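Participant: The structure follows.
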Amino acid sequence: MSKSLAVEQFELGVCYYPEQWPESLWADDYRRMRECGFSVVRMGEFAWNFFEPEEGRFTFDVFDRAIDLAHEHGLKVILGTPTATPPAWLTHKHPEVLNVTLEGVQHQHGLRRHYNYSSPVYRDYCAKITEVMARHYANHPGVAGWQIDNEINCETNVFYSVADHAAFRSWLRERYGTLEELNRAWGTVFWNQSYSDWEQVHLPRPTPADSPNPHQALDEKRFISDNAISFLRVQVEIVRKLAPNQPITTNGLFGHLDSHAMTDELLDFFSYDSYPNFASIWNDADRDDPLLDRKWSNNLAKVRSISPNFCVMEQQSGPGGWVNRMAQPSPKPGQMRLWTYQSVAHGADMLLYFRWRTASFGTEIYWHGINDYHNQPNRRVAEAQTIGRELGRIGKAVAGSRYAAEVAIVRDYDNEWDGELDAWHGPLTGESEYGWSKSLQLNHIPYDYLYMRENTGLDELARYQALIYPHPAIMSEETAELLKKYVAGGGKLIFGARTGYKDTRGHCRMMPFPGPVAELCGVTVEDFTLIPGGGAAPNIRWVDGGEERGAAAVKFNDILRPMNESVETLAVYDGDYYAGKPALTRASYGGGEAYYYGAAFTREV
Ligand code: GAL
C-alpha cells in the first residue's frame, strides 16, 4: 500500500524564508498570504546557523517568533531540517563531511548540498540538530509537519569522499558476503580487475576513457540510493520518536534514489518540487509539435506512483533560474493556475508555491516568487488570490481524489541506473517513454507509471488492462514469472527492443533473447543491430496493410523469429539486410497477449 497524504481539505501555501527578510515585513507577509487563501508555509530548511550559530549553542528566538506569528495568522508551518546546508563552522572544522568529485576534488562551502551522506561525523551533527529541533517544536501548535533535508540528490547525485568509499565497501560486504562473490558479480576476471583484499575495492574512480566496470557502476547507483535512505533514516527516527504526531515528508524527484522505497520505509507521504518551465529549456521544446506544459503530466504520473495523493512542496510561480544557469521564461498570465490544476488533477492535495518573494541577493535572485523585489501588487499575486479563492470553494471535494487509469507504463530503477552508462539500452527508454506518453496524452488515454520492485505483486499489475514495459534489459527470473502470470490472467503486455538480455548483475544471458520471457512472447531474437544516432533506421511495413509503410524503427532493431505458427507477425522491417523479417509480433498466452516490438517506440508506431 503506498503512503499517501491524507487531508480533509486541499491545502494551499508558499515557501517562506523569514531569515532572509527584515522582521518588520513578516506580519504583512503573513496577512497577505492569508489573502491568497494560503493555509501552510514551509520554512527553515536552509537555516542551520539560526538554530546553531556555533557548535553546541542552540537558539530558537528567530524561528520561534516567525512560527508563533505564522500561527497567530492561522498558518501551519512545515519545518525543514536544515541539513542541506551545513554551516561554515562545521565544514571548516570537519572537512571530511564534504563531498568529493570522481576526480577527487573536494566541494567547498559556498553553495549548498556540499556534504556527503556517509561521514559518521556529519550524521552525528545532523542527528543532534534534528533532535534539538524536534524536541523544541514537537508540541508547538503551529508546526504541522517536517520536511527532512531538502531535495536529496539534487545538484549532485554522486559521492566520492573517503567515507563514501568505506561505506560502499561495507554495503558490498553485506550484499556479496565474500570477495569471490563480488569478483563474480563484477566479472573482474575481465581485464584482470580481480580483488584480493576489500581495501582494494572502491566506488568508480577515474579510468582511461572514462569507462568504469559496468557492474560496479550499477552497484554504485544502488548504493547511493540505499545510502541516501539510510542518511535520512537517522533524522526520521529522531523526529518520529520525539514528535510522533507531526507527519514527515521530503521533496524530490531526483536521480540515483529509489523514491518509492524511501517513501515506503520512512515518510508519511512524498512531496514533489514542480518547475514546469524546465519543459521550455529541456525535454521536447525542440521537437515538432511539443507537449510543453503537458509534458509535465508525465512527471506527475511518476510522482503519483509514489504517493497517489501527494504534496507539491514547491510549484514554480515566476521566471526561474540561478545567476548562471537554468534561465527560464516567465509563466504567462494564467499559467501558474494551469500548473496548479494540473498538479491537483494528478492527485496533489497540498501545494506550496516557490517562493513568497524573490530573493534580492544570492544565487537565486532570478528564481522569482509570487511577489517581486518591490513587494508591490503584481499579476502573480493576483493569480494566486484567484486560485486561493477557487480552491477554497472546491478544496473539500478535491481532497483524497485520485487519478484512475487502465494502462500503465512500467519502469524500474535497475534499468534506469544501468542505462545511464549502457548506451546499448539506456537511450531507448527515454525515446519510448516520450513516444508512448505523447501518444497516450494526445489520444486522451489516462495512464499510470508502475514501478517494478522486489515486492510488486500480481494484484498491482492486474489492475491494468495493458502494461507497456518498453526496454527491461535487466530482468530477473522472478519478474519474468510475475509478468507471465499477468498475461496468463488476461493482461496485454507490450515489450520493446532489448528485453530480458541481462540478469540482475548486468551480465548478458547466454541464451536466446528475450531470455526469460522468450516463451511468453513466442519469439527469439535471431539477430540485432544498433541504429547509431543519426543513422538511418528502416521503416516497418504492416502485414495486413498491404504495401503500407509504417514509421521508422528507431535506435535498435531486434530481428525476430516466431517460435511457432500461432505467433502472429503484425509488421516486418522494410529495409536493410533484414527486410521482410518480423519487427512486431503478437502471441497469445493463457487469457492474454504479449507483444514484442524490435525497436524503440515512437508516437508514429
Ligand atoms: C529547488 C529547491 C529550492 C530552490 C528552487 C529553485 O530545487 O528546493 O530551494 O532552489 O529549486 O531553484
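The values are calculated or read from the model by the stated rules, or taken from the named source; none is laboratory data. Bear in mind the structure is a predicted one, so any value in this text is a computation, not a measurement. Reconstructed Cβ throughout: ideal geometry from the backbone, glycine too, with neighbour counts over all protein chains shown. The accessibility values were calculated without ligands, DNA or RNA, using every heavy atom of the protein model including side chains. Shrake-Rupley method; radii C 1.70, N 1.55, O 1.52, S 1.80 Å.
Participant: From a point 7 Å beyond the Cα of A166 in the direction of its Cβ, which residues of the stretch 213-250 have a backbone N at a distance under 15 Å?
Facilitator: Answer for the stretch 213-250: none.
Participant: With each label point set 7 Å from Cα along the Cα-Cβ vector, what nm distance links E604 and T207?
Facilitator: 3.8 nm
Participant: Run the simple label-point estimate for W89 and A345 please: 7 Å along Cα→C-beta, distance reported in nm.
Facilitator: 5.1 nm
Participant: Right, another one. Quote to one decimal, in nm, the extra length available between K128 and R175 on full extension: 0.36 nm per residue of separation minus the C-alpha distance between them. Intermediate values should be presented prior to the final figure.
Facilitator: Details: separation 47, 0.36 × 47 = 16.92 nm, distance 3.00 nm.
That works out to 13.9 nm of additional length.
Participant: Follow-up. Could you state how much accessible area K221 has, in square angstrom rounded to the nearest 10, with a 1.4 Å probe and all protein chains kept in place?
Facilitator: For K221, solvent-accessible area is about 10 Å².
Participant: Consider all pairwise Cα distances in the stretch 338-389 and report the whole-number % of them above 15 Å. Write down the numbers at each step before the final one.
Facilitator: On the way: 690 of 1326 pairs.
I get 52 percent for the Cα pairs in the stretch 338-389 exceeding 15 Å.
Participant: Same structure again: So who's got an amide H within less than 5 Å of the one on G252, skipping anything under 5 residues away but keeping other chains? H placed 1.01 Å off N, in plane.
Facilitator: Distant-sequence amide H within range of G252: S271, Y272, D273.
Participant: Under the Karplus relation 6.51 cos²θ - 1.76 cosθ + 1.60, θ = phi - 60°, what is the ordered set of whole-Hz ³J(HN,Hα) values for the stretch 449-461, x standing for Gly and Pro?
Facilitator: Rounded to whole hertz, the list is 9, 10, 9, 6, 10, 4, 9, 5, x, 4, 4, 5, 6.
Participant: Could you give the length gained by full extension between R112 and V62, i.e. 0.36 nm per residue of separation minus their alpha carbon distance, to one decimal place? Provide the component values of the computation, followed by the final result.
Facilitator: On the way: separation 50, 0.36 × 50 = 18.00 nm, distance 2.16 nm.
Gain on extension, R112 to V62, equals 15.8 nm.
Participant: Divide by every residue of the chain the summed helix terms, -39500 (n - 2.57) for each DSSP H run of at least 4, and state the resulting mean residue ellipticity at 222 nm, rounded to the nearest 500 deg cm²/dmol.
Facilitator: Values: 17 runs with 199 residues, N = 605.
Helices in the chain give a 222 nm mean residue ellipticity of -10000 deg cm²/dmol.
Participant: Could you work out the Kirkwood radius for the stretch 428-544, taking every pair of different alpha carbons, averaging 1/r and inverting it, reported in Å? Walk me through the numbers before you get to the answer.
Facilitator: Numbers: mean 1/r = 0.0635 Å⁻¹.
Answer for the stretch 428-544: a Kirkwood hydrodynamic radius of 15.8 Å.
Participant: Quantify, in whole percent, the carbon and sulfur part of the accessible surface of the chain (1.4 Å probe; protein heavy atoms only). Before the final figure, lay out each step's value.
Facilitator: On the way: 12910 of 24620 Å².
Here carbon and sulfur together make up 52 percent of the probe-accessible area.
Participant: Working with all protein chains in place, sort H425, H136 by solvent-accessible area computed with a 1.4 Å probe, largest first.
Facilitator: Values: H425 0, H136 80 Å².
Highest to lowest solvent-accessible surface, that is H136, H425.
Participant: Follow-up question, since we're still on this one. Scaled to the compact-protein estimate 2.2 N^0.38 Å, what is the alpha-carbon radius of gyration of the stretch 272-358, rounded to two decimal places?
Facilitator: Values: Rg = 12.7 Å, N = 87, 2.2 N^0.38 = 12.0 Å.
Its radius of gyration relative to the 2.2 N^0.38 Å reference: 1.06.
Participant: Would you please give the FRET efficiency between M326 and A579, computed as 1/(1 + (r/R0)^6) with r the Cβ-Cβ distance and R0 = 56 Å, to the nearest 0.05?
Facilitator: Working: r = 46 Å, r/R0 = 0.82.
Computed FRET efficiency for M326 and A579: 0.75.
Participant: What is the Å³ per residue value for the convex hull set by the Cα atoms of the stretch 461-605?
Facilitator: Working: hull volume 16.2 nm³, N = 145.
Here the figure is 112 Å³ per residue.
Participant: What's the magnitude of the charge dipole for the chain around its Cα centre, counting Lys and Arg as +1 and Asp and Glu as -1 at the beta-carbon? Answer in Debye, nearest 20.
Facilitator: Numbers: 58 positive and 79 negative charges, 243 e Å.
That gives the chain a dipole magnitude of about 1160 debye.
Participant: Note the full-extension length gain between T363 and K485 as 0.36 nm times their separation in residues minus their Cα-Cα distance, in nm to one decimal. Each step should come with its number before you reach the end.
Facilitator: Numbers: separation 122, 0.36 × 122 = 43.92 nm, distance 5.25 nm.
Result: 38.7 nm gained on full extension.
Participant: Once label points are set 7 Å from the Cα along Cα→Cβ at both R294 and R561, what is their separation, rounded to one decimal in nm?
Facilitator: Once both label points are built, they end up 4.3 nm from each other.
Participant: Have a look at the DSSP beta bridges in the chain and tell me what percent are antiparallel, nearest 5. Working shown, then result.
Facilitator: Numbers: 27 of 73 bridges.
Close to 35 percent.
Participant: Along each of its three principal axes, how wide is the spread of alpha-carbon positions in the chain, in whole angstrom units, largest first?
Facilitator: For the chain, the Cα spread along each principal axis is 79, 61, 42 Å.
Participant: Then there's this: Taking loop as defined by DSSP and a crowding limit of 16 other beta carbons within 10 Å, which GluC sites (Glu not before Pro) in the stretch 541-605 fit?
Facilitator: E547, E548, E565, E604
Participant: For helix 214-242, report the angle its Cα long axis makes with the longest principal axis of the Cα atoms of the chain; keep it between 0 and 90° and round to the nearest 10°.
Facilitator: Orientation of helix 214-242: about 30 degrees from the principal axis.
Participant: Here's a follow-up. Cα extents of the stretch 67-226 along the three principal axes, largest first, in whole Å?
Facilitator: Principal extents (Cα only, largest first): 67, 30, 24 Å.
Participant: Would you mind getting the accessible area per residue of the stretch 426-509, heavy atoms of the protein chains only, 1.4 Å probe, in Å²? Could you put the intermediate results ahead of the total?
Facilitator: Values: 3160 Å² over 84 residues.
On a per-residue basis, the stretch 426-509 sits at 38 Å².
Participant: Further question on the same structure: Are there trypsin sites (Lys or Arg not before Pro) in the stretch 256-319 that DSSP marks as loop and that have at most 14 other Cβ atoms within 10 Å, and which are they?
Facilitator: Numbers: sites: R287, R294, K295, K302, R304; in loops: R287.
Loop-located and lightly packed - R287.
Participant: Using Cα atoms only, what is the angle between the long axis of helix 162-176 and the major principal axis of the chain, expressed in degrees (0 to 90) to the nearest 10?
Facilitator: The angle comes out at about 50 degrees.
Participant: Do any GluC sites (Glu not before Pro) in the stretch 38-146 lie in a DSSP loop with no more than 16 other beta carbon atoms within 10 Å, and if so, which?
Facilitator: On the way: sites: E45, E54, E55, E72, E96, E103, E131; in loops: E45, E55, E103.
Within the stretch 38-146, the qualifying GluC sites (Glu not before Pro) (loop, at most 16 other Cβ atoms within 10 Å) are E55, E103.
Participant: Still on this structure: Please report the orientation-averaged projected area of the stretch 148-245, defined via the convex hull of its C-alpha atoms, in nm².
Facilitator: Working: hull surface 31.5 nm².
Quarter of the Cα hull surface area: 7.9 nm².
Participant: For the stretch 32-120, place one equal point scatterer on every Cα, skip the solvent, and apply the Debye formula. What is log10 of I(q)/I(0) at q = 0.21, 0.24 Å⁻¹?
Facilitator: The computed values of log10 I(q)/I(0) come out as -0.98, -1.15.
Participant: Go through 411-423, 356-368 and give me the packing order, highest mean Cβ count within 10 Å leading. Don't skip to the answer; put the middle values down first.
Facilitator: Values: 411-423: 20.1, 356-368: 17.6.
Highest-to-lowest ranking by the protection proxy: 411-423, 356-368.
Participant: To the nearest 0.05, what FRET efficiency results for R31 and R337 with a Förster distance of 25 Å applied to their C-beta separation? Mind showing how you got there, number by number?
Facilitator: Working: r = 22 Å, r/R0 = 0.90.
Efficiency, from the Cβ-Cβ distance: 0.65.
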